[in-house]
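No value in this document is a laboratory result; all are computed from the given coordinates. Being a predicted model, the structure only gives us computed values, none of them experimental. Positions of Cβ are backbone-derived with ideal geometry, glycine not excepted, and every protein chain shown enters the neighbour counts.
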Amino acid sequence: MKLQDKVALVTGANSGIGKGIATRFAAEGARVVINYHSPKDDQQAQAMARDLGHDSIALIGDVSKRTNVQRMMSQIVERFGRLDIAVNNAGIEIKKPFLEATDEEWDRVMGVNVSGVFYVSQSAASQMVKQGGGGKIINISSVHEDIPFSGYTSYCASKGAVRMMMRNLAIELAPYRINVNNIAPGAIATPINRAVLDDPNAKEQAIEEIPWGRFGQPDEVAAVAAFLASDEAQYVTGSTYTIDGGLVRQVTKY
Ligand code: BGC
């Protein structure tokens, strides 16, 4: 077991890629903190924590709000006395032509995808330093930290920001032996892609762009997250791991 007794916070862990990561981390022996955002998911998130076992807990909190993140971190330290791994997985995307996008939509995407990563990473790293150093920060960004996606300007801008935040933190936190890396998923079969997955034509078109010929699965992303969160990745920092079935190679063909 790669993560025996480690305390791991996964934001947005009650669905999609986050759920896959939380499940894999628990299977590797971690005590998982499942962060979720909405009161309507209370019961489901609590049930998930019970299912994962290993003292796992579920904590509500909106990562785009500093006060929520602070509260969550206090609850984690109160419960476990430490934090070893933080996975910034919570993220949203809004499809809108650039000329029609509103300030409110821009702020929402930036709030969760960028400020959320800033708040969670800063409070996690502060706690890790307080413990005497060591720790892992993993951001779930996207292939769109690098390649454009028409209709998703705020999303792409937010993921580009996370790419640079990760690179800076990797340098600043290296003296404390905190590893900081990104995972850049391509098209993964999760609720964020529901509209495409539910529309046979859109799905076929999406698959045509993927050399591997299918969507990825959350557990395929989780496998890389488990490696990055483990002691085996001690010398890995400041990098992005793309998991996309070759999608970005195909896109750069055009
Ligand atoms: C987006 C998906 C998209 C995928 C590949 C992801 O970051 O969330 O909507 O299908 O990138 O373009």
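The residues of segment 39-68 that are part of a helix (DSSP H, G or I) and within 23 Å of Ala226 (Cα to Cα), listed by number, are Ala45, Gln46, Ala47, Met48, Ala49, Arg50, Asp51, Leu52.
Whether a residue is closer than 17 Å to Met165 by Cβ and free of Cβ contacts under 8 Å to residues at least 60 places away in the same chain was assessed, and Gly151 does not pass this test.
Out of segment 172-199, which residues are loosely packed, with under 15 Cβ neighbours inside 10 Å, without any contact (Cβ under 8 Å) to a residue 40 or more places away in the chain and under 19 Å from the mean Cα position of the chain (by Cα)? Selection gives Arg194 alone.
Scan segment 32-43 and give yes if some residue there is surrounded by 15 or more Cβ atoms within 10 Å (Cβ to Cβ), hydrophobic (A, V, I, L, M, F, W, C) and farther than 15 Å from Lys6 by Cα, otherwise no. For segment 32-43, residues surrounded by 15 or more Cβ atoms within 10 Å (Cβ to Cβ), hydrophobic (A, V, I, L, M, F, W, C) and farther than 15 Å from Lys6 by Cα: absent. Every condition in (1) part of a loop (DSSP other than H, G, I, E, B); (2) farther than 14 Å from Ser121 by Cα is met by Trp106 except one, and the failing one is (1).
Among residues of segment 120-156 being part of a strand (DSSP E or B) and aliphatic (A, V, I, L, M), the one that is farthest from the ligand (Cβ to nearest atom) is Ile137.
I need a count of the residues in segment 2-29 that are part of a loop (DSSP other than H, G, I, E, B) and either at positive phi or within 17 Å of the chain's Cα centre (by Cα) (or both). The qualifying residues number 7. Screening Leu169 against (1) away from the ligand (no atom under 16 Å from the Cβ); (2) farther than 24 Å from Met1 by Cβ; (3) touching a residue at least 60 places away in the same chain (Cβ under 8 Å); (4) under 19 Å from the mean Cα position of the chain (by Cα) leaves a single unmet condition, (3).
For the residues Glu105, Glu145, Glu78, Glu100, the requirement of being over 18 Å from the mean Cα position of the chain (by Cα) and either surrounded by 15 or more Cβ atoms within 10 Å (Cβ to Cβ) or β-branched (Val, Ile, Thr) (or both) singles out Glu105.
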